Amino acid sequence: MNIVTQYCCDLCGESYLDKKSCERCEQSHIKPERIEAVRFRAEKYNNPYVDHMLIRMNDGALAKYTFQCIVEQAPDSDKNENEVTEQ
């Protein structure tokens, strides 16, 4: 029997057989630093959630993240917990 050691990137979950490759993967990811702006849509669009956010990344880039859908309802929500809402 052989014992196989794997290393898993904490950020993306990819597995590696050697520690250096895993460390290189972890260091390659660009991470969010802070929210710069948040935009909501008017009530008439029937979506109370954030429409999009501008996020400052740790490499200095400003990235726009846009709402796509609800993947899990809050426990006290009136909606079905398994329902996915697309906008």
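Here are the numbers:
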read-out	value
The range 35-56 residues that are farther than 15 Å from GLN68 by Cβ, paired with ones that are not in a strand (DSSP E or B) (beta carbon under 8 Å, 6 or more apart)	PHE40/PRO48; PHE40/TYR49
Selection within the range 24-52 - part of a strand (DSSP E or B) and within 23 Å of GLU14 (Cα to Cα)	PRO32, GLU33
Hits in the range 50-65 - residues which are under 10 Å from LYS31 (Cα atoms) and charged (D, E, K, R)	ARG56, ASP59
Residues of the range 1-28 satisfying the condition of being among the hydrophobic types (A, V, I, L, M, F, W, C) and under 24 Å from ASP59 (Cα atoms)	CYS8, CYS9, LEU11, CYS12, CYS22, CYS25
Any hit, the range 55-66, residues being at pLDDT below 95, among the aliphatic types (A, V, I, L, M) and part of a strand (DSSP E or B)	no
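The values are calculated or read from the model by the stated rules, or taken from the named source; none is laboratory data. No experiment lies behind these values; they were computed from the predicted model shown. FYI the Cβ positions are ideal-geometry reconstructions off the backbone, even for glycines, and counts take in every protein chain you see.
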